[in-house]
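Novice: I am attaching a structure below and will ask some questions about it afterwards.
The values are calculated or read from the model by the stated rules, or taken from the named source; none is laboratory data. Bear in mind that the values here come from a model prediction, so they are computed numbers and not experimental data. Methodologically, a virtual Cβ is constructed for each residue, glycine included, from the backbone with ideal geometry; neighbour enumeration extends over all protein chains shown. We work out accessible area using only protein heavy atoms, side chains counted, and drop any ligands, DNA or RNA first. Shrake-Rupley method; radii C 1.70, N 1.55, O 1.52, S 1.80 Å.
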Amino acid sequence: MSLTVVGGLPAHVLFVHFVVVLVPLTALALVAGAIWPGAARRMGIVLPLLALVTLASVPLATHAGEWLEAHVGSDALVRRHAELGDGLLPWAGGLFVLAAVLWWTTRRPAIGTGTAGVGTASVPSRRSLPLRVVTTVLCVGVAAGAVVDVYRIGDSGAKAAWQHGYSKTAVVDRTGNG
């Protein structure tokens, strides 16, 4: 097994499924954690680890896709898909950075709160509210951008792979078995 071929088939076909699942999952977890800090605390280190695996899956799929691009006939649809695919890494990087920031900021007590008294709820100070709003807006924006980009890349890849690759009408089985 190599990073370009798995079981005799192009690895891109396999690796792209990791990206298609992990990017929206990471985006959803990031937004949930940004909106509900309690959810971010419950996710703990899992959130940035998920984002790190997501980030690592993007160049893996891209590398395998570049190999596949060199082994299929070049046309405008394939080139468009490759161009769009090259733009996903910054979005995945943004998901990772924000997940790490969210994890770091929600793992400690809120600024301006004391730690006296076991079991006391930490209440964020008024100074931290604008920071939380900015973080939430950034998380929602990057998550939405990443998911939209994955959709656009997937749509262009499907068009490149299936354009002229199937019949719009059912193919009659001439053997009499179907």
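Novice: Zone of Asp86 (label point 7 Å along Cα→Cβ, backbone N under 17 Å): which residues in the stretch 1-45?
Specialist: Taking a point 7 Å out along Cα→Cβ of Asp86, no residue of the stretch 1-45 has its backbone N under 17 Å.
Novice: Nearest 0.05, what FRET efficiency do Lys159 and Leu52 give at R0 = 41 Å with Cβ-Cβ as r?
Specialist: Computed FRET efficiency for Lys159 and Leu52: 0.85.
Novice: Protein chains only, probe 1.4 Å: how do Trp104, Trp36 rank by accessible area, largest first?
Specialist: Trp36, Trp104
Novice: His81: net charge of surrounding residues, Cβ under 15 Å, Lys/Arg +1, Asp/Glu -1, itself excluded?
Specialist: Once all neighbours under 15 Å are counted, the net charge is -3.
Novice: May I pose another question? Modelling each spin label as a point 7 Å along the Cα-to-Cβ direction, I'd like the Ala39/Val172 distance in nm, to one decimal.
Specialist: The answer from the label model is 5.4 nm.
Novice: Sticking with this structure for a sec: By its C-alpha gyration tensor, with a ≥ b ≥ c as the square roots of the eigenvalues, how is the stretch 45-93 shaped: rounded for a/c under 1.5, else prolate for a/b larger than b/c, else oblate?
Specialist: Prolate shape, in that a/c is at least 1.5 and a/b is the bigger ratio.
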